[in-house]
Amino acid sequence: MEIREHVSALRDAGLRLAEAAALAGPDAPVPTCPGWRVRDLLGHTGGVHRWAAAHVAAARAEPFTDGEQAQFFTAPGDDGLLDWFRAGHAALVRTLEEADPSVTCWTFLRAPTPLAFWARRQAHETTVHRIDAESAAAGVLPPGAPGGTVPGRTAPGGAGGGAPVDPALAADGVDELFDGFLARRRGRLVADPPVSLAVRATDRPTAWTIRVEPGGRTITPGAHDADCVVSGPAAGLYLLLWNRADAEGLDVRGDRDVLALWREKAAITWS
């Protein structure tokens, strides 16, 4: 995907997130983020938007310290929270649209350029949290997610109540996870004896195989022979791998214990 496509996805996801949050209300629980309420979701995502925009706008070469970044996460009370989120989202979109394509600043995943990194990362950050907000508004988990409903709420338009993730964006998010996050993580994802997992999108040319060993893991593009193979629509893989749904609706073949190991130790969680 191009930078402009990621920025467009970011814009759309943020608008949908705000709409869902307004419908749910700040005190509504977020089924996909156990322990969170909508105010927590808005405070987190609005802070991340400001934090990301600041790196690009200032062409900052180093990450903010914990003390420095606290300013971005200082959210107002419930009455002003939604407007605060919307302002931060709009500022991030504007910053990315107006930035010099050659801007240099700190990043934490591989990307063609820093601007490409931030546009992609914030598109997926916001899309995943859009799903969270819509689960809160509907009071249910997305299709295939473990758990149940929130008493007193129904799902408009079906379970989850939100728009599906675009297949191209979902496939891009799977790629970012394997070629970005998993390529840099060390220590947690180990197995003895070694195991392997392959994932394959059936509607996009996206597939990855990961072999997990006592000393770490090896990641290879393409779906190769593996102990467990998961295939299905890119959107379903996206929800599974970002820990927003289980494997319902996906084709899982082989040793399901391998998938359980993945979800326990490799999947990116809400926290």
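Nothing in this text is a laboratory measurement; each read-out follows from the coordinates by a stated rule. Nothing here was measured: the structure is a model prediction, and the numbers come from that model. Here Cβ is always computed from backbone atoms with ideal geometry, including for glycine, and neighbour counts include all displayed protein chains.
Hey, among Asp203, Asp192, Asp246, Asp225, which residue is of a type in the set (Asp, Glu), within 30 Å of Gly43 (Cβ to Cβ) and part of a loop (DSSP other than H, G, I, E, B)?
Asp246
Of everything in region 56-72, what is under 16 Å from Val7 (Cα atoms) and either assigned to a loop (DSSP other than H, G, I, E, B) or in contact with a Phe, Trp or Tyr (Cβ under 6 Å, 6 or more places away or on another chain) (or both)? Give them in sequence order. First the steps, then the outcome.
Taking region 56-72 first, the residues under 16 Å from Val7 (Cα atoms) are 56-57.
Selection gives Val56 alone.
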